[in-house]
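Enquirer: Pasting in a structure now, in C-alpha cells, and then I'll have a few things to ask.
No lab work stands behind these numbers, since they all come straight from the coordinates. Predicted model, so just to flag it, every value in this text is computed and none were measured. Please note: Cβ atoms are built from the backbone with ideal geometry, for glycine as well, and neighbour counts cover all protein chains shown.
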Amino acid sequence: MDQLNLLMQGFEAALTPENLLWALLGVTIGTAVGVLPGIGPALTVALLLPITFRLDPAAALILFAGIYYGGMYGGSTTSILLNTPGESASIVSAIEGNKMAKAGRAASALATAALGSFVAGTVGTVAITFVAPWVADFAVQLGPPEYVALMVIAFVTVSALLGPSLLKGAASLLIGLTIGLVGIDAQSGQARLAFGAGGLFDGIDVVLVVVGLFAISEALGHVLAKTGRTTVQPVKGRALLTRDEFKRSWPAWLRGTALGFPIGSLPAGGAEIPTFLSYATEKRLSKHKDEFGHGAIEGVAGPEAANNAAAAGVLVPLLTIGLPTSATAAVILTAFQSYGLQPGPTLFAESGDLVWALIASLYIGNVMLLVLNLPLVKVWARVLTIPAWAIYAAVVVFACLGAYSAGGSTTDLFLLAGIGALGLLLRIGDIPVAPAVVGLILGPLLEQQLRRAMILSEGDPGILVSSPLTIGLWIAIAVVLVVPGALSLGRRRRRILADRIETGAVRTVDDRETADRR
Amino acid sequence: MSARRREKQALPGLDTTEVRTVRDRRAAPPSSVASRAVDHPAVVSGAVTAVVGLLLVVAAIVLLTDAASLRPTSEPLGPAAFPTIIGVLLAVVGVALVAVNLRFVLVVLRRGVGPVSPRLWRVLGLLAGIVVYGVLLPFVGFTVVSVALFVAGALVLGSPRPWWRLALYGLVLAGVIVLLFDRVIGLALPAGPWGF
C-alpha cells in the first residue's frame, strides 16, 4: 500500500493544470511525429528530446512520457495504414492490420489498436507501479560483476534478436560501442578516439547518433529509392468497433498484455518476441482461423497489446537497474541523464517524487491518448497524405536542429552527415541499427562496471563469476550464443529455408555462367 | 511451397540469407542474366555489407592504435583494456562480414558497376547540404539556413513544386520551430545578423 500513497503523491504532482498541459502537448506532438512513415518511437523520442531540455525535470519527464506513448501509438497507426512499421515490434500488427485496411476496415483496425494499447498500457503501468519498487529493492544487492553479466546478456540478446542474423546484429552493436568510446575517459582523464579534435572530447551525443542513423538515413533512402513523391489515400469511416469485433478483441488484448509485460520487463527483453508469440497464440485460439492472413482483428488486437505492454515492461529494467533493452529505452535513458538523473536502484530512493510523477503521467498520457485518438484518427491519417518529399525535407531540418541543440556546435552537423551516410550503408546492407543505439549507451556503463569489478577484486577476473547469480547469467549468455536461434522463435527455420534457396542458387549461377561462356 | 521448387525459381548467385530480399527480388526479377549487378538489390545489399565489414576492420585498426597510445594507469583495468577488447571483436566481425559477403563483391567486380547513378549524386548532395548548413548556421541564423535546407531537401527528394513555393513552406516550418522552441521553450537558436 506504500506504493499507492507514493503514486497518489505522483498524481498530485502530475495533475496540476500546467503539467496536464505538458502531458497533452506531449501526446499530441508524439502522435503527430510518430504517425510519419518510417519514424518509430525511438526516433520520435530522439527528435523531440531537445524540446524538453529547457524545462524543469518534472515537467520534462511528464512531457516525455506523453511523447513516448504518443510515438508508440502514432507508429502503430502508420504500420496499419501504410505497412511501414517504424520498428521491429510493430511488424506483426502491420501484417493483419494492413490487410484489414486494404479491405476497407482501417477504422476497425485502428480502433482495436487504440483500445488494445490503452488496455495494455494501463495494465502495464499498474504492473510497473507494483513490480518496479520490488525489483529496485532487489537490484540494490547487485554489484559490479552482476551488472557486467546483465549488460552482456542485454547485448547478446539485442544483437541476436533485432535483425536478420547474429553477425549483422553484432556488427551494429560494435559500431555503437566504438562510437561510445569517443571522448575523455572519466577515470584516467585521457582522450580516446578524439584525434586531438576539441569537439570530440565530450563524446558524441546520443541524440545525434540516433537522429543520424534513423532520420537522415531514412531521408537518404527515399532519395536513393526515388520514392519522394508517394502519398496515401485518407481513411474513411469512424474508429469504432462493432459488438462482434469488440467481443473478439478484448480477450486478445488481455492475452497480449499477459505475454508482453513479463517478457518486456526481463533484462533480456525487447518488445519483438511477445508480439510474435501473441500472434501465434491468437491464431491457435481463434474461431476464425481462415481470416488470418486476410485481416483477422485478433491478429491486430493481440500483438498491438503485447507491443504496448512490453513497452511498459521495458521501463522496469530501465528505471530499476538502469538497463535499456530497446533503442527507445536507450534514448529514454539519455533523457534521464540529461536531467542529471541516473536510472538504477538508487533512483527510487533519491528522486522518488520524480519517478512517481512520471508513472502517474504514464496513466494520464494513456487516458489522453484514448480520448484524443478515437475521435481524431482521421486527422492523424490526414498527416499521411502529406507527400513524402515534404515529410522528409522537414525531418532533415528537424534532425539538424536536434543535432545542433544537443551538441551546440558546427562539428555536430558534420558528424550528423557522416553518421547519416553510415546509416544508409547499414540500411542497404540490411544491418539493424537498434543494437548500435543500445551499444552506444550501455557501452560506457559496461566499461565502468567492469573496471569497478576489477578494482574490487584487485585485478582477479574470477570476480565476474563469483556469485550464483552471475554464473547463471553467464550460462544463459552461453546458451544464447552457442545454441543457434535458442531465442529466435521460428526465425531459425526461415533462415534455414533461405539458406537452402541460397545453396541451390549458388550452384545454378555457376552452371549458367559456364553456359554463358560457351 | 516445397524448398525444392523454390530452388528452381531462385535466381542465380544473387541471394542473401534474408527472406525479405529473396522475396523482393522475386517480385521483380531482372530481365536478363547480362543485366548490371547494381540492378539486383540482393547483390547491392551483400556488397554493401562487405563494405561495412571493411569499415569495421579499418575501425578496429584505428581503435587498437589509439588504445596502444594511451598511458597505463594504476588501475587493474586501464583505459586501454576495453577499447582493445572492442577492437579485437570489431576485427573478427568485420573479417567475417567480408568473408560471408565476398561473392557479392566478386559479382559486382566481374559485371562492373556501370556509370554512377544520378540518385547517388543526389544522396551526396543532401549530405553536402547538411555540412553547408552546419557551416552557415552561426553566421546566417537558423531561419534562413533552415528554409534553404528544406528547399534543397525537397528538390533532392523529387518535389514537383517550384522552389519559391517550397521556400514558402520552409518559412512556415522554420517560423513554427522558432516560435515553439525559441520563444515558448527557450532553446536559444542561433540568430543571424537580422535577429532571427
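Enquirer: Run the helix sum for chain A: -39,500 (n - 2.57) per DSSP H stretch of 4+ residues, divided by residue count, reported at 222 nm to the nearest 500 deg cm²/dmol.
Expert: Result for chain A: -24500 deg cm²/dmol, rounded to the nearest 500.
Enquirer: List B:Phe139, B:Phe181, B:Phe104 from most exposed to least, where exposure is judged by having the fewest other Cβ atoms within 10 Å.
Expert: Listing B:Phe139, B:Phe181, B:Phe104 from fewest to most nearby Cβ atoms yields B:Phe139, B:Phe181, B:Phe104.
Enquirer: In this model, which of A:Lys99/A:Lys289; A:Lys247/A:Lys289; A:Lys99/A:Lys247; A:Lys102/A:Lys226; A:Lys102/A:Lys287; A:Lys283/A:Lys378 are farther than 18 Å apart at the alpha-carbon? Let's see the in-between values first.
Expert: Values: A:Lys99/A:Lys289 15 Å; A:Lys247/A:Lys289 16 Å; A:Lys99/A:Lys247 20 Å; A:Lys102/A:Lys226 24 Å; A:Lys102/A:Lys287 22 Å; A:Lys283/A:Lys378 29 Å.
With Cα atoms farther than 18 Å apart: A:Lys99/A:Lys247; A:Lys102/A:Lys226; A:Lys102/A:Lys287; A:Lys283/A:Lys378.
Enquirer: Sort A:Leu15, A:Leu166 so the one with the fewest other Cβ atoms within 10 Å of its own Cβ comes first.
Expert: Lowest count first: A:Leu15, A:Leu166.
Enquirer: Give, in nm to one decimal, the length gained when the segment between B:Ala99 and B:Val62 is fully stretched (0.36 nm per residue of separation minus the Cα-Cα distance). Working shown, then result.
Expert: Working: separation 37, 0.36 × 37 = 13.32 nm, distance 2.08 nm.
So the chain would gain 11.2 nm between B:Ala99 and B:Val62.
Enquirer: How much FRET efficiency would the formula 1/(1 + (r/R0)^6) give for B:Thr84 and B:Trp194, where r is the Cβ-Cβ distance and R0 is 51 Å, rounded to 0.05? Provide the component values of the computation, followed by the final result.
Expert: Values: r = 52 Å, r/R0 = 1.02.
So the FRET efficiency works out to roughly 0.45.
Enquirer: Please compute, for peptide B:156-169, the average count of beta-carbon atoms on other protein chains lying within 10 Å of each residue's beta-carbon.
Expert: Numbers: counts 9, 16, 10, 7, 4, 3, 0, 0, 0, 0, 3, 0, 0, 3.
What the average comes to for B:156-169 is 4.
Enquirer: Assuming R0 = 25 Å, what is the FRET efficiency of A:Ser467 and B:Arg71, from their Cβ-Cβ distance, to the nearest 0.05?
Expert: That pair, A:Ser467 with B:Arg71, gives E of 0.15.
Enquirer: Divide, for the range A:27-95, the radius of gyration over alpha carbons by 2.2 N^0.38 Å, where N is the residue count.
Expert: Numbers: Rg = 12.2 Å, N = 69, 2.2 N^0.38 = 11.0 Å.
Cα Rg divided by the expected 2.2 N^0.38 Å: 1.11.
Enquirer: Along the charge dipole of chain A, Cβ charges K/R +1 and D/E -1, which of A:Ile51, A:Gln9, A:Gly203 sits furthest on the positive end?
Expert: A:Ile51
Enquirer: To continue, here is another question. Test of understanding: extend the Cα→C-beta vector of A:Thr16 to 7 Å, then name every residue of the range A:347-367 with backbone N under 20 Å from that spot.
Expert: Label zone hits: A:351-365.
Enquirer: Follow-up. With +1 on each Lys and Arg Cβ and -1 on each Asp and Glu Cβ, how big is the dipole of the protein assembly as shown about its Cα centre, in debye rounded to the nearest 20?
Expert: Details: 51 positive and 41 negative charges, 694 e Å.
Once rounded to the nearest 20, the dipole reads 3340 debye.
Enquirer: Let me ask you something else. Please label the shape of the range B:118-185 as rounded, prolate or oblate, based on the square roots a ≥ b ≥ c of the eigenvalues of the alpha-carbon gyration tensor (a/c under 1.5 means rounded; beyond that, a/b larger than b/c means prolate, else oblate).
Expert: On the way: a/c = 2.61, a/b = 1.46, b/c = 1.79.
Verdict is oblate for the range B:118-185.
Enquirer: Also: Which of A:Thr122, A:Thr275, B:Thr49 has the fewest other C-beta atoms within 10 Å, and how do the rest follow up to the most?
Expert: A:Thr122, B:Thr49, A:Thr275
Enquirer: OK, next. Taking the simple approach of a point 7 Å from Cα along Cα-to-Cβ for both A:Lys226 and A:Val371, what is their distance in nm?
Expert: Taking the two extended label points, one gets 4.9 nm.
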